[in-house]
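Taking it in order: structure first as structure tokens, then the write-up.
Where a number appears in this text, it was derived from the coordinates with a stated rule and is not lab data. Fair warning: this is a prediction, and the values are worked out from it, not measured in the lab. No Cβ is skipped: glycine too gets one built from the backbone with ideal geometry, and neighbour counts run over all protein chains shown.
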Amino acid sequence: MTTVHGDDRATATSTATATAMFEAGKALQLQGDGAAGTQALAAYDNLIARFRHSRDPLVACRVGDALTWGAHICMDQGSLERALARYQQTIVMFEGWPDDVFRRNLAVAWGGKAIAFKKLSRLAERMQALAELARRIDYRPWDLSDDETVVSEELAKAALNYGAALQAQGRDQEAMATWHDLTNRVGNDPRPSVLEFVAWAAASLGDAYLELRQRDEAAAQWNYVVTRFAGIDHAYLQEQVNRARESLKSLARPRWWPW
């Protein structure tokens, strides 16, 4: 007969309790109205207060989830500084732990900080958050788990947005290099939710090449988007496919056309 030790039983109980508390808050949040969001935030805060000092990885992961999901509520409510504080608390909480244990929590926290900084027009700090995400978390295309899919989405989105931020500063060549790197590294990923950022980067490369009057290079990028992604049933991917098709149509018109 298997003996269950007291410490193991306590750990299992804490994990189950933390998970149940998080799921209760999540259910409220997904109702989508303001009152339920406030209730969800309170539920998350109860979880954080109860378990924030836990050294059990599964429990700590639920605390991280409560922080980042709560940050999203704060963002929706316009409380951007509160959202930033929650994302930063997530990052600080996991200092000293191996990054591998909390890849998803950390990726979401850095990605969330970047969004909040953009909304606050703190663009230098936004770029720092995006760069830190890319520095600390590596891309693992062989791991198709749900958690790792979130990580890959955050990494691809961060690269796309980092390129856009560079372009906004007039650093066009650096932006294009960033997008090229994204399409080369992630272009063979099998997950549509990751590929949507690749398609967006490639379509943006086409626009950038056209600005440089490099029409053949622009056409090559848009053709890549159409041929690579047209057959994938994913709404956001198809937005980029349609964008590329329209760009190719415009490119094919005689240059003297007035439209």
Give me the dipole magnitude in Debye, nearest 20, for the range 11-137 about the Cα centre, with unit charges on the beta carbon: positive for Lys and Arg, negative for Asp and Glu. 260 debye
Extent along principal axes [Cα atoms of the range 11-137; Å; largest to smallest]: 43, 37, 18
The range 78-137 shape via C-alpha gyration tensor axes, a/c threshold 1.5: oblate
Contour excess over end-to-end distance, with Cα ends at VAL101 and THR19 and 0.36 nm allotted per residue: 27.8 nm
Under 1.5 on a/c is rounded, so check that first for the chain, then, if it is not, pick prolate when a/b is larger than b/c and oblate when it is not; a ≥ b ≥ c are the square roots of the alpha carbon gyration tensor eigenvalues. prolate
Quick one: compute the contact order of the range 11-137, relative version, from alpha carbon pairs under 8 angstrom and 6+ residues apart, as a percent. 18 percent
For the range 238-243, 3J(HN,Hα) per residue [Karplus equation, 6.51 cos²θ - 1.76 cosθ + 1.60, θ = phi - 60°, Hz, x = Gly/Pro]: 5, 4, 6, 4, 5, 4
Helix 215-229: inclination vs the chain longest Cα principal axis, degrees, rounded to 10, gives 50 degrees
Determine the shape class of the range 103-198: with a ≥ b ≥ c the square roots of the Cα gyration tensor eigenvalues, call it rounded for a/c under 1.5, and otherwise prolate if a/b is greater than b/c, oblate otherwise. oblate
Ratio for the range 134-259, C-alpha Rg to 2.2 N^0.38 Å, reads 1.09
Would you mind finding the longest exposed-site-free stretch of the chain, with exposed trypsin sites (Lys or Arg not before Pro) meaning DSSP loop and at most 13 other Cβ atoms within 10 Å? 56-212
Between helix 34-51 and the chain: long-axis angle, C-alpha atoms, 0 to 90°, nearest 10: 60 degrees
Any idea which of GLN89, ALA24, GLY111 is furthest toward the positive side of the dipole for the range 11-137, if Lys and Arg beta-carbons carry +1 and Asp and Glu beta-carbons -1? GLY111
